[in-house]
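The values are calculated or read from the model by the stated rules, or taken from the named source; none is laboratory data. These numbers were taken from a predicted model, which means no experiment stands behind them. Methodologically, a virtual Cβ is constructed for each residue, glycine included, from the backbone with ideal geometry; neighbour enumeration extends over all protein chains shown.
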Amino acid sequence: MTSLSGLRARAAALLMPMLLCACTQIAAPPRVAWPTVAVDAHGLTDNLDAACVSEHQPGRDYFPHKTAFTHSVQLQVVYGPHFKRVRFTPSVGTGETLEYLLVQCGTPVPAHGPHEQVIQVPVQRLVTGNAAVLGALDELGLVDRLYGSENTRSATVPTVRERIAQGLVHDMWGYGHASIEPVMAVQADVYLSFYSAYPQGNMHPRLWELGVRAIAQADHHETHPLGRAEWLKLLALLTNREALANAQFDRIEAQYRHLTGLAAAAPDRPLVMAGFAAGRDTVETFGGRNQRARLIHDAGGRYALADDARSSSLVYERFEKVYALAADAPVWLGALGGQASVATLIDANPLHGWFRAAREGRVFAWDTGYTGAWAYPFQDQGMTRPHVQLAEAIRALHPSLPLPPFDTDTAFLRQLP
């Protein structure tokens with residue numbers, strides 16, 4: 001029989017590598033100040049996306065290119081001559097409103113409230129606690145400003161993976177709820193903090209107390225896929241790249257609207273099951289006012305929980321309720337990721353086999369390119385490609401409906417064999 005001292009020794013041997021790992025220091029990367037630019041009497045023709053102002057001229061407009069949020073129900077921006085006031089009002093019921101004051105570097109900070117977070121723009125260092133933003137960073141040419149991610153092992157964006165391989169992106173650990181110490185150590189200008197529908201899970205209040213400029217990222221709680229894609233513009237506000245973000249979003253919006261019009265011509269609107277069994281009596285899915293429910297509607301389908309009033313991207317419902325609403329749905333759009341087939345989906349939880357879509361083999365998962373939990377393109381490239389997701393959803397719901405090719409180099413949806 002193993003002695004008590006022997007058990008303690010074995011426990012210490014197991015814990016030591018974990019403790020050493022947890023105590024590993026992260027050195028802040030060297031910082032080089034932005035160059036300064038003198039603005040002449042003619043003013044600026046472009047926003048300064050990699051420079052500061054050498055001498056502030058009161059009343060001068062330092063942001064000739066501006067943006068606005070037309071679909072997001074959570075973000076607003078008001079421009080001043082040398083600053084931007086951004087307001088975030090979450091669509092989930094947390095009861096808080098957050099305000100950020102973005103000030104062109106080299107100009108004075110205007111009067112602001114005690115709870116308004118002041119951030120100098122353009123920012124040089126970004127750290128993210130939500131992988132959804134990685135694709136948007138690539139589209140805006142901002143990957144070189146990424147210094148930390150909550151999970152460097154799951155990135156699928158090629159430019160991000162290259163930067164990680166170069167050792168330039170520190171792992172924050174935590175899959176969205178990263179550890180505070182690494183976030184502080186990187187000394188980021190902004191930490192994009194994953195925003196939870198459950199206030200006790202949010203890090204930004206504690207980070208603010210420690211002097212870390214944390215901005216809540218809640219794209220997943222938007223009520224419309226185009227509202228989610230508009231979080232691209234938040235990155236642009238932080239980096240003065242509004243012109244590029246506007247052009248990119250306009251392309252996304254045009255394609256999405258065109259596809260929505262095509263889906264409206266479908267002869268029927270099939271009932272759609274979404275989510276997966278989580279345990280013996282619960283289904284993990286999303287609210288009926290979430291952007292994923294709107295995607296199903298715009299693709300010509302009827303989400304089984306469409307009457308649910310929540311906008312959260314993650315809700316847990318009693319299995320009996322979901323079964324009563326979705327048992328006869330002919331299409332399952334958004335099953336448990338990483339399953340090789342419908343048979344393995346049922347093996348993972350026999351409750352999956354109770355649904356018509358599983359029995360008839362019309363089960364789809366947003367997991368093309370899956371290499372592990374949270375490691376597939378839908379996670380870090382899906383935010384700004386709702387038009388691609390819409391085209392794929394239309395093909396799943398209405399396979400006979402003719403559609404033009406859109407972004408054929410990207411794929412998210414996979415039918416389980």
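The figures follow:
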{"read-out": "Residue count for the stretch 39-56, restricted to those that are assigned to a loop (DSSP other than H, G, I, E, B) and either in contact with a Gly (Cβ under 9 Å, 6 or more places away or on another chain) or under 20 Å from GLN124 (Cα atoms) (or both)", "value": "9"}
{"read-out": "Number of the exception - ALA309 against (1) closer than 30 Å to ALA229 by Cβ; (2) of a type outside the set (Lys, Arg); (3) surrounded by fewer than 21 Cβ atoms within 10 Å (Cβ to Cβ); (4) in contact with a strand residue (DSSP E or B) (Cβ under 8 Å, 6 or more places away or on another chain)", "value": "(4)"}
{"read-out": "Enumeration of residues in the stretch 138-159 that are surrounded by 24 or more Cβ atoms within 10 Å (Cβ to Cβ) and under 17 Å from LYS233 (Cα atoms)", "value": "LEU146"}
{"read-out": "Identity of the residue in the stretch 131-154, under 24 Å from PRO182 (Cα atoms) and charged (D, E, K, R), that ends up modelled with the lowest pLDDT", "value": "GLU150"}
{"read-out": "Failed condition for VAL169, given (1) within 22 Å of THR239 (Cα to Cα); (2) within 19 Å of the chain's Cα centre (by Cα); (3) touching a residue at least 24 places away in the same chain (Cβ under 8 Å)", "value": "(3)"}
{"read-out": "Qualifying position, being outside any loop (DSSP other than H, G, I, E, B) and of a type in the set (D, E, K, R), among ARG280, ARG294, ARG269, ARG310", "value": "ARG294"}
{"read-out": "Residue list for the stretch 361-370, restricted to those being surrounded by fewer than 21 Cβ atoms within 10 Å (Cβ to Cβ) and either among the small types (Gly, Ala, Ser) or assigned to a helix (DSSP H, G or I) (or both)", "value": "GLY361, GLY369"}
{"read-out": "Matching entry among ALA245, ALA236 (being assigned to a helix (DSSP H, G or I), buried (at least 21 other Cβ atoms within 10 Å of the Cβ) and touching a Lys or Arg at 6+ places or on another chain (Cβ under 6 Å))", "value": "ALA245"}
{"read-out": "Output for the stretch 25-58, where each listed residue is at pLDDT below 75 and surrounded by fewer than 11 Cβ atoms within 10 Å (Cβ to Cβ)", "value": "GLN25, ALA27, ALA41"}
{"read-out": "Answer from GLN255, GLN291 - the residue that is surrounded by fewer than 23 Cβ atoms within 10 Å (Cβ to Cβ) and of a type outside the set (A, V, I, L, M)", "value": "GLN255"}
{"read-out": "Any hit, the stretch 261-268, residues being under 30 Å from GLU320 (Cα atoms) and of a type outside the set (Gly, Ala, Ser)", "value": "yes"}
{"read-out": "Residue in the stretch 298-305 that is at negative phi, of a type in the set (Ser, Thr, Tyr) and either in contact with a Ser or Thr (Cβ under 6 Å, 6 or more places away or on another chain) or not in a strand (DSSP E or B) (or both) present", "value": "no"}
{"read-out": "The one condition in (1) modelled with pLDDT of 95 or more; (2) crowded, with 20+ Cβ neighbours inside 10 Å; (3) under 15 Å from the mean Cα position of the chain (by Cα) that THR128 fails to fulfil", "value": "(1)"}
{"read-out": "Residue within the stretch 77-99 that is modelled with pLDDT of 95 or more, over 23 Å from LEU146 (Cα atoms), surrounded by 14 or more Cβ atoms within 10 Å (Cβ to Cβ) and among the polar types (S, T, N, Q) present", "value": "yes"}
{"read-out": "Residue in the stretch 59-70 that is crowded, with 19+ Cβ neighbours inside 10 Å, assigned by TED's automatic domain parsing to the domain that holds VAL123 and assigned to a strand (DSSP E or B) present", "value": "no"}
{"read-out": "The stretch 260-288, residues that are surrounded by fewer than 23 Cβ atoms within 10 Å (Cβ to Cβ) and closer than 23 Å to ALA136 by Cβ", "value": "THR260"}
{"read-out": "Test: residue in the stretch 345-353 that is modelled with pLDDT under 95 and acidic (Asp, Glu)", "value": "no"}
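Yes/no matrix, rows are residues, columns are (1) on the phi > 0 side of the Ramachandran plot; (2) part of a strand (DSSP E or B); (3) out of contact with any Lys or Arg (no Cβ under 7 Å at 6 or more places or on another chain); (4) in contact (Cβ under 8 Å) with a residue 24 or more places away in the chain:
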| site | (1), (2), (3), (4) |
| --- | --- |
| TYR316 | no, yes, yes, yes |
| ALA324 | no, no, yes, no |
| GLY338 | yes, no, yes, yes |
| ASP347 | no, no, yes, no |
| ARG359 | no, no, yes, no |
| GLN379 | no, no, yes, yes |
| HIS387 | no, no, yes, yes |
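Table: residues versus (1) more than 18 Å from HIS398 (Cα to Cα); (2) out of contact with any strand residue (DSSP E or B) (no Cβ under 8 Å at 6 or more places or on another chain); (3) modelled with pLDDT under 95; (4) outside the structural domain of SER91 (by TED's automatic domain parsing).
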| residue | (1), (2), (3), (4) |
| --- | --- |
| LEU237 | yes, no, no, no |
| ASN246 | yes, yes, no, no |
| HIS258 | no, yes, no, yes |
| GLY261 | no, yes, no, yes |
| GLY275 | yes, no, no, yes |
| GLY279 | yes, yes, yes, yes |
| LEU295 | no, yes, no, yes |
| VAL315 | yes, no, yes, yes |
